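Peer 1: Following this message is one structure expressed as structure tokens.
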Amino acid sequence: MGILLYGASGTEIPFDDRALAHLQIVITAKLRRREGFVFSWTNAPGAGSGRSAIWLDPSSTLFFRYFGSRPPVINRDWIEVLAASSNNPAGLSFSPEPEPPSAS
């Protein structure tokens, strides 16, 4: 389980390491382009369920903390889904990894 630490207060937002790696790619790409955006996700039941959102811009303080020692293999399809979401007026909305296409 990884953690995205946000802001000077160090708000902890938990994601598994694999999801966090994909989010890091999409978030840093937008911030490199100096784009501000909203990032939203559904809270885990242990965190009270519901939804949360934060505003991210190039001045945001972010720290990506991974608990595994090996970087995951990146799923380009998932990156594309997340990146498309990030270009939506509502901002980046976390979605689970898409299932691989079935072999026919």
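Nothing in this text is a laboratory measurement; each read-out follows from the coordinates by a stated rule. The model shown is predicted, which means the values in this text are computed figures rather than measured ones. Methodologically, a virtual Cβ is constructed for each residue, glycine included, from the backbone with ideal geometry; neighbour enumeration extends over all protein chains shown.
Peer 1: Take every DSSP beta bridge with both residues inside the chain and express the antiparallel ones as a percent of the total, to the nearest 5.
Peer 2: 90 percent
Peer 1: Along the positive direction of the dipole of region 1-70 (beta-carbon charges: Lys, Arg +1; Asp, Glu -1; about the Cα centre), which of GLN24, SER52, PHE39 reaches farthest?
Peer 2: Sorting the options by dipole projection puts first GLN24.
Peer 1: If you don't mind, there's one more thing I want to ask. Relative to the Cα centre, what is the charge dipole magnitude of region 1-43, using +1 at the beta carbon of each Lys and Arg, -1 at the beta carbon of each Asp and Glu, and rounding to the nearest 20 debye?
Peer 2: Result for region 1-43 is approximately 300 debye, rounded to the nearest 20.
Peer 1: From the P(r) of the chain, can you give the percent of Cα pairs sitting at distances over 18 Å?
Peer 2: When every Cα pair of the chain is considered, 49 percent fall beyond 18 Å.
Peer 1: Sticking with this one: What does the helix-only formula give at 222 nm for the chain: each DSSP H stretch with n ≥ 4 adding -39500 (n - 2.57), the total divided by the residues, and the result rounded to the nearest 500 deg cm²/dmol?
Peer 2: -8500 deg cm²/dmol, from helical runs alone.
Peer 1: Give the calculated FRET efficiency between VAL38 and PHE67 to the nearest 0.05, with a Förster radius of 35 Å applied to their Cβ-Cβ distance.
Peer 2: It comes to 0.85.
Peer 1: Right, something else. With charges only on Cβ, +1 for K and R and -1 for D and E, what is the dipole size of region 52-104 about its Cα centre, in debye, rounded to 20?
Peer 2: My answer is approximately 220 debye.
Peer 1: Now for a separate question. Which one, GLY10, PHE67, ALA90, projects farthest toward the positive side of the charge dipole computed for the chain from Cβ point charges (K/R +1, D/E -1)?
Peer 2: Sorting the options by dipole projection puts first GLY10.
Peer 1: What relative contact order, as a whole-number percentage, does region 2-93 give when Cα pairs under 8 Å and 6 or more residues apart are counted?
Peer 2: Reported as a whole number, the value is 35 percent.
Peer 1: Also: What is the magnitude of the charge dipole of region 6-74 about its Cα centre, with +1 placed on the Cβ of each Lys and Arg, -1 on the Cβ of each Asp and Glu, and no other charges, expressed in debye to the nearest 20?
Peer 2: Approximately 220 debye in magnitude.
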